[in-house]
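The structure under discussion appears below in the form of structure tokens.
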Amino acid sequence: MALTGIEIFKMLPKTNCKECGFPTCLAFAMALASGKAELDKCPYVSEEAREKLAVASAPPIRPVKIGMKDGVKTIGGETVMFRHEKTFFNPTLIAGLLTTAMADAEVDAKIAQFNKLQYERVGLILRPELLAIHDANGDAAKFAAVAKKVMDGSDAGLILCSENPDVVKAGAEVAKERKPLIGSATPANADAMGALAKELDLPLIAKAKGYDDLAALTTKLTGMGLKDLVINSESSSLKEALQDQVAIRRAALGPKFRPFGFPTITAPAMMTDDPMMEKLYAAVFIAKYGGIVVVNDISADGIFPLLLERLNIFTDPQKPMIMTQGIYEINNPDENSAVAVTTNFALTYFIVSGEIEGSKVPCWLLIQDTEGLSVMTAWAAGKFSGDSVAMFVKKSGILDKTKTRSLIIPGYAAGISGDLEEELPGWKVLIGPREASHIPAFLKNL
Ligand code: SF4
């Protein structure tokens, strides 16, 4: 049961020394109760109080770390049901599926394909993070061999899936330095699998069907001293799986039901053979609470939309993604190159700059600070007006870089062209296309 701010306050030193960054112990206690501060910020809490408070202030869904070659990824740790309440912090990890039934060449090809799945978008690198190895035949040697291929051939994090502890152990021995997620502990093998996870100090999947069995299983495993669990509710249909994801999160966040206070793993790869349906299932679980989604098809056209969806779900809806105001050079422009202007909403920038780049036409792209608003919204809000664009163009430094005195404005801001020409004497304003996809043809026809 969570403690109130006053209950926490009673356990603090009450010296108001401010070292925690809060003006008083009471303010710190209130922040701790609402999950906005960490207990470690107060160096003076007694050991006894620390123990009690650590339990009470633990996040409702435990953050679980899974290693990759160059660092760790965290799943769980979320505190809200909906992203308009607060940002979702730890993006769903996307895993490609390998099985021990695959021939060596197929495993190699899939690892090579996985390595190619890296995309730059709005200044971020988007990629899947994990490879999940599924034991299809109880062959521990083959399981370890596939794990070794992943270790040697990629920087992916690993999920080692078998209900046979000996098979998991064989894989974990090869992959232990990457801190893989292992599983699955079930009601039938919980003792052996729990002991293995404890011995190897690795996060463990707890798999059971039905909420009662699942709660009993996680309770048993935590009773064995295991902390880092990942829940698999073993759902086989989309309806059932979605219901489980919502119910598990709701139970963890609402009544703070500790047996469900862990991130989840979902496996569209095991729910359908149809690649299109698999992606749709994965898209649902990225939106609705999957800590990990495991997919079989890791083709670029299947994974890329999932990466974009994830990017949107796990960005702060209250903070627009923005670009720094300034001049961006595309395709090595010179003093005779075209000059275009748009807003600093990151998505606008990346779409427009991508189309200009693709056109191969050298261009100076002026990005005006509109507080992250897109063209139409910024225009409607008066932040992309003739006055403001003219002032920005004059101050931007573009006059020193080019002799060009034609300025391309977005088609959606055509209404500012008259004002802009008045404010920028000597400049001709060209109304660009409304759709970014028409930019290359427009530039080539200039
Ligand atoms: Fe109180 Fe600890 Fe913060 Fe000092 S550091 S003000 S003792 S809560």
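The values are calculated or read from the model by the stated rules, or taken from the named source; none is laboratory data. Note that the structure is predicted; figures quoted are calculated from it, not measured. Reconstructed Cβ throughout: ideal geometry from the backbone, glycine too, with neighbour counts over all protein chains shown. The area values use the complete protein model at the heavy-atom level, side chains included, leaving out ligands, DNA and RNA. Shrake-Rupley method; radii C 1.70, N 1.55, O 1.52, S 1.80 Å.
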Within region 276-314, how many residues turn out to be over 23 Å from GLY77 (Cα atoms), open to solvent by 20 Å² or more (accessible area, probe 1.4 Å), in contact (Cβ under 8 Å) with a residue 60 or more places away in the chain and assigned to a loop (DSSP other than H, G, I, E, B)? 2
Taking the options LYS149, LYS169, name whichever one is in the same structural domain as ILE75 (by TED's automatic domain parsing), basic (Lys, Arg) and within 30 Å of GLU309 (Cβ to Cβ). LYS149
Subset of region 329-356, residues under 15 Å from ALA436 (Cβ atoms) and among the hydroxyl-bearing types (Ser, Thr, Tyr), comes to THR342, THR343, THR348, TYR349, SER353
Within region 44-67, of all residues that are buried (at least 18 other Cβ atoms within 10 Å of the Cβ) and at pLDDT 85 or above, the one farthest from LEU3 (Cα to Cα) is GLY67
Out of LEU373, LEU407, LEU443, I need the residue that is in contact (Cβ under 8 Å) with a residue 40 or more places away in the chain and within 26 Å of THR315 (Cα to Cα). Which one? LEU373
Scan of region 400-423 for residues that are in contact with a Leu (Cβ under 6 Å, 6 or more places away or on another chain) and surrounded by 20 or more Cβ atoms within 10 Å (Cβ to Cβ), ordered by number: ILE408
For strands (runs of 3 or more DSSP E) lying entirely in region 116-231, having 2 or more residues that are open to solvent by 20 Å² or more (accessible area, probe 1.4 Å) picks out 119-121, 124-126
If we keep only residues of region 349-399 that are of a type in the set (D, E, K, R) and part of a helix (DSSP H, G or I), then the residue most open to solvent (accessible area, probe 1.4 Å) is LYS395
